[in-house]
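The values are calculated or read from the model by the stated rules, or taken from the named source; none is laboratory data. This structure is a prediction, so every number in the text was calculated from the model and none was measured. No Cβ is skipped: glycine too gets one built from the backbone with ideal geometry, and neighbour counts run over all protein chains shown. We work out accessible area using only protein heavy atoms, side chains counted, and drop any ligands, DNA or RNA first. Shrake-Rupley method; radii C 1.70, N 1.55, O 1.52, S 1.80 Å.
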Amino acid sequence: QTQASFQQRLQAIDAIRSRESDVAWELMKNLLPAPHSTSSPTSTPRWREWTLDRNPTVTDMERRQASKEVVARMLGDVSDNGSRWQDLIENLGNLADDERPAIFQKLASTSRDTLRQEDQMAIWDILRYTISHHREFPTAYWSMSKSDLDELESIYRQFTPKDLLTQNLWPFSR
């Protein structure tokens, strides 16, 4: 936790993004909601009063807004990087339902023809894994809805390699 306001924290993230994009990406990835995540309050000095509020609280609405802001920044930085797309797709199940459409839209508008083959394969692989994992456990609290999975499956088909050998190589690569 920090004494910085929400806007100050976003400004700090933006400053890091402009100077060190890889560091910023790792920071934002770790700021995404995660199951069973916890935080500890900032330690305060014993001999000096410097905090404005001894017990700062964060509401669910503020957490959701922070998540939306982080996702928006990640979508601005993901580009054609397969590894970054993997990070976003891996976290889809942890995001609120209203945060996913922006990711689906950006991913669907990404042309596989502009991607390097390894980036296309990374996206295709994580999509296949995510779809099958969520379909395997449809009643789990973390599982995405059928409509979200259907949309992901449509995007998955978009990234399917043209080469028949490559399409069928995945069972032997894990």
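Among all residues of the range 90-99, there is at least one that is closer than 14 Å to Val70 by Cβ, of a type in the set (Gly, Ala, Ser) and surrounded by fewer than 13 Cβ atoms within 10 Å (Cβ to Cβ).
Taken together, the residues in the range 67-87 that are in contact with a Leu (Cβ under 8 Å, 6 or more places away or on another chain) and open to solvent by less than 30 Å² (accessible area, probe 1.4 Å) amount to 8. For the range 70-91, state whether one or more residues are free of Cβ contacts under 8 Å to residues at least 24 places away in the same chain, more than 20 Å from Asp14 (Cα to Cα) and among the charged types (D, E, K, R). Taking every residue of the range 70-91 in turn, none turns out to be free of Cβ contacts under 8 Å to residues at least 24 places away in the same chain, more than 20 Å from Asp14 (Cα to Cα) and among the charged types (D, E, K, R). The residues of the range 104-143 that are polar (S, T, N, Q), in a helix (DSSP H, G or I) and open to solvent by 20 Å² or more (accessible area, probe 1.4 Å), listed by number, are Gln105, Thr114, Gln117, Gln120, Ser132.
Residues in the range 75-93 that are of a type outside the set (A, V, I, L, M, F, W, C) and in contact with a helix residue (DSSP H, G or I) (Cβ under 7 Å, 6 or more places away or on another chain): Asp77, Asp80, Asn81, Gly82, Ser83, Arg84, Gln86, Asp87, Glu90, Gly93. For the range 93-107, give me the residue count where each residue is without any contact (Cβ under 8 Å) to a residue 40 or more places away in the chain and more than 12 Å from the chain's Cα centre (by Cα). So the count comes out to 4. Scanning the range 24-50 for residues that are at pLDDT 75 or above and touching a Ser or Thr at 6+ places or on another chain (Cβ under 7 Å), we see that the one that is least open to solvent (accessible area, probe 1.4 Å) is Leu32.
The criterion of being farther than 27 Å from His36 by Cβ, in a helix (DSSP H, G or I) and open to solvent by 20 Å² or more (accessible area, probe 1.4 Å) does not hold for Glu62.
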